[in-house]
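Here the structure is laid out as structure tokens; the discussion comes afterwards.
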Amino acid sequence: MHAYEIQIPSEKLKTAQVIAFALPMGILFFLGALLMMNPILVPVDYSVGFLESLLLVMTATSLPLAFFISGKTFSNAAQKKFQGMNLQDEVRRESMEADSEKESINQFMEIFQLAMIIRCGMIEATGFFALMVYLVGGTIWGPIIAGLIILVLFSSFPTRGRMQSKLHRLMHDLDAMPGSREIQ
């Protein structure tokens, strides 16, 4: 379908990676501090009170909601920005230019970064709430959910391959929109 490699600008990719790395690290450091202040000792409290129930509901709703909202943000912003242009031709041409001249790819990375910050921020809030539940209630659910949140955040770490794949999908979606040219 695409016989060329999309060249993602290194500076934009590194910026997205720094942001994606920094957000879970805040939760991780706070978790470390809490565990040093109040180490988990036997017997472990597995009870589920009001705060723990609220945490479980928040986790169950915020994760899908964060991915949905960030996906919609990305999709709507990208469609608005690139609608009416042949993004595939632009990306093919820009893949041979210097990073600073890759206008469409740089705009794609900015839109991606905005959506990533929205998604990670919503997920991060759940992680910090989990740690607050642990701090207040002392049950094991806070660190468990915070650990899961950290894993979710690290699992969506942006790589060059993921960015290329996301841009390919965006080009395909834009080409499939009514009124756009078919992929040649």
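Here r is the Cβ-Cβ distance between R169 and V57 and R0 is 45 Å; the resulting FRET efficiency, rounded to 0.05, is 0.90. Taking all protein chains as they are arranged and a probe of 1.4 Å, the heavy atoms of I19 leave approximately 40 Å² accessible to solvent. Eigen-decomposition of the gyration tensor built on the alpha-carbon atoms of the range 87-147 gives equivalent ellipsoid semi-axes of 43, 8, 8 angstrom, largest listed first.
Normalising the average separation of contacting C-alpha pairs (under 8 angstrom, six or more residues apart) by the number of residues puts the relative contact order of the chain at 39 percent.
Hydrophobic, long helices, defined as DSSP H runs whose alpha-carbon span along the helix axis is 27 Å or greater and whose mean Kyte-Doolittle value is at least -1.0, occur in the chain at 10-37, 50-82, 103-137. Label separation (R162 vs K72): 2.2 nm, computed from points 7 Å beyond Cα along the C-beta direction.
Close Lys pairs in the chain, defined as Cα atoms under 14 Å apart and 8 or more places apart or on different chains, number 4.
Probing with 1.4 Å while keeping every protein chain in the model, the per residue accessible area of the chain equals 54 Å².
Structural size metrics of the chain, computed from C-alpha coordinates, are Rg and Dmax of 20.4, 65 Å. In a fully extended conformation the segment linking S155 and K81 would gain 23.9 nm over its present Cα-Cα distance, using 0.36 nm per residue.
The values are calculated or read from the model by the stated rules, or taken from the named source; none is laboratory data. What you see is a predicted model; the values in this text were computed from it and never measured. For neighbour counting, all protein chains shown are included, and Cβ atoms are generated from backbone atoms with ideal geometry for every residue, glycine included. These area figures cover heavy atoms from the full protein model, side chains too; ligands, DNA and RNA do not enter into them. Shrake-Rupley method; radii C 1.70, N 1.55, O 1.52, S 1.80 Å.
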